[in-house]
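The values are calculated or read from the model by the stated rules, or taken from the named source; none is laboratory data. A quick note: this is a predicted structure, and the numbers were derived from the prediction, not measured. Backbone-built Cβ (ideal geometry, glycine too); neighbour counts: all protein chains shown.
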């Protein structure tokens, strides 16, 4: 399929089980993308032990089957439509949030399924275009766009800028004038809705840096309409990430639609309604996390916009790639003190920072099952920081040096937030497709650490 391909209105698996950790139900039998077969953990049809031997650790592993299933779930739910040439689709646009995972192979796969891109930097624009995502499906958000980044996006004819502040709007107008172009913009409004998620990934309340206050939006829209080099085309809202209830999305949309009625009364008619992203995934199997499915989200939101003549844009990230990827790590040592037991592994906070940064929970399971008694341990990495951990006070079967562990739910904000802290090279990345697998990013080298230094 080419980058302009239509989201096919079919499902490989019933959406009611979408993103249930790493499992799906088909014809009343359990199907998993990361599942034990006997004592061995597999990625689709490939033993993870085999991948660890061939590519080394730490290692990110992605399931193509899961990625395709998840992006199609959004296409089915929000009605992604055929686009022709450089013209934007007439139906919904599913713009994948590159910040979740920007590996080129993953982006090319999503582009082949008809996905657009939600970007927050010039570098992400470069990656999206390089992967074959058409500019007509790219929306550019972020509070700190530079003049060079704005000019680059204008040159590439992206769908629109999601503008976050008055001064940014003025800068886009100036840059557009200097380049002889008209800049298509949507203003990002802040609906002041609590998304009921971690404060670091909450964006839709007044105390955070994102968006314009709802009460000031009409004034900003009137100002934008008067600007010579600005074309006002849409409205944008995004209230946060890892949201596990529909209600905050609906509350925010109702506020935005009320604002749109005020705008219409002032003669401002918009074409695009960007609902943002933020739908959560299930990190803890067997517990209370039950995020809504894309179909349920669409069922709640789309009736509110029916008949308004709007193209709806959604920007999923985590819910597409989160449970499509795992991190393999190998036990190096064990350590016992008077208060703690530690399992020291070769993956650290530089490889997966979410537990250290957010206190995020990732399930960690052995790649090969054992019958050893469970112990309460901290799973820690080699980084010279007390905050370097993948799990704390976690009960798991005793682990021996040399054995592999699998960190689940690591496909989103895993590699994309990784670093070279402590001068550690980046891990490799692998894509599994049925019984096949291929390297999609080489492991970093020591020479990579100093490349560019003078």
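Taking the stretch 304-345 only, how many residues are in a strand (DSSP E or B) and touching a residue at least 24 places away in the same chain (Cβ under 8 Å)?
Filtering the stretch 304-345 for residues in a strand (DSSP E or B) gives 311-314, 325-336, 341-345.
Right, trim to touching a residue at least 24 places away in the same chain (Cβ under 8 Å) and you get 311-314, 325-334, 341-345.
Qualifying residue count for the region: 19.
Just to be sure, is residue 343 over 20 Å from residue 443 (Cβ atoms) and buried (at least 16 other Cβ atoms within 10 Å of the Cβ)?
Numbers: over 20 Å from residue 443 (Cβ atoms): yes; buried (at least 16 other Cβ atoms within 10 Å of the Cβ): yes.
Against the criterion (over 20 Å from residue 443 (Cβ atoms) and buried (at least 16 other Cβ atoms within 10 Å of the Cβ)), residue 343 qualifies.
Rundown of residues vs (1) buried (at least 24 other Cβ atoms within 10 Å of the Cβ); (2) under 18 Å from the mean Cα position of the chain (by Cα); (3) within 10 Å of residue 95 (Cβ to Cβ), yes/no style:
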| residue | (1), (2), (3) |
| --- | --- |
| 108 | no, yes, no |
| 114 | yes, yes, no |
| 121 | no, yes, no |
| 129 | no, yes, no |
| 137 | yes, yes, yes |
| 146 | no, no, no |
| 149 | no, no, no |
| 157 | no, no, no |
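Write out, first by first residue and then by second, each pair whose Cβ atoms fall under 8 Å of each other, whose residues are 6+ apart or on separate chains, and whose first residue, in the stretch 213-242, is at positive phi while the second is in a helix (DSSP H, G or I).
Once the first residue is at positive phi and sits in the stretch 213-242, its partners that are in a helix (DSSP H, G or I) give 240/201; 240/248; 242/201; 242/318.
Given (1) under 19 Å from residue 234 (Cα atoms); (2) surrounded by fewer than 20 Cβ atoms within 10 Å (Cβ to Cβ); (3) in contact (Cβ under 8 Å) with a residue 60 or more places away in the chain, where does residue 264 come up short, assuming only one miss?
The number of the failed condition is (3).
Please tell me if residue 340 is more than 27 Å from residue 39 (Cα to Cα) and more than 29 Å from the chain's Cα centre (by Cα). Show your work before the answer.
Numbers: more than 27 Å from residue 39 (Cα to Cα): yes; more than 29 Å from the chain's Cα centre (by Cα): yes.
When the stated conditions are applied, residue 340 passes them.
Consider residue 66 carefully, then state whether it is touching a strand residue (DSSP E or B) at 6+ places or on another chain (Cβ under 9 Å), at pLDDT 95 or above and either at positive phi or not in a strand (DSSP E or B) (or both). Spell out how you get there, then give the answer.
Details: touching a strand residue (DSSP E or B) at 6+ places or on another chain (Cβ under 9 Å): yes; at pLDDT 95 or above: yes; either at positive phi or not in a strand (DSSP E or B) (or both): yes.
Judged against the criteria, residue 66 is a match.
Which residues, counting only those in the stretch 397-427, are over 22 Å from residue 61 (Cα atoms) and either in contact with a helix residue (DSSP H, G or I) (Cβ under 9 Å, 6 or more places away or on another chain) or assigned to a strand (DSSP E or B) (or both)?
397, 423
Given the conditions (1) surrounded by fewer than 22 Cβ atoms within 10 Å (Cβ to Cβ); (2) more than 21 Å from the chain's Cα centre (by Cα); (3) within 30 Å of residue 68 (Cα to Cα), and given that residue 417 satisfies all but one, which numbered condition is not satisfied?
Failing condition for residue 417: (2).
Determine whether residue 357 is within 22 Å of the chain's Cα centre (by Cα), surrounded by fewer than 19 Cβ atoms within 10 Å (Cβ to Cβ) and in contact (Cβ under 8 Å) with a residue 24 or more places away in the chain. Let's see the steps before the verdict.
On the way: within 22 Å of the chain's Cα centre (by Cα): yes; surrounded by fewer than 19 Cβ atoms within 10 Å (Cβ to Cβ): yes; in contact (Cβ under 8 Å) with a residue 24 or more places away in the chain: yes.
Judged against the criteria, residue 357 is a match.
Show me the strands (runs of 3 or more DSSP E) found entirely inside the stretch 102-182 where at least 2 residues are within 23 Å of residue 412 (Cβ to Cβ). Even if it seems obvious, please write down each step before you answer.
On the way: elements: 116-119, 138-140, 160-163.
Once the strands (runs of 3 or more DSSP E) in the stretch 102-182 are filtered for at least 2 residues that are within 23 Å of residue 412 (Cβ to Cβ), what remains is 116-119, 138-140.
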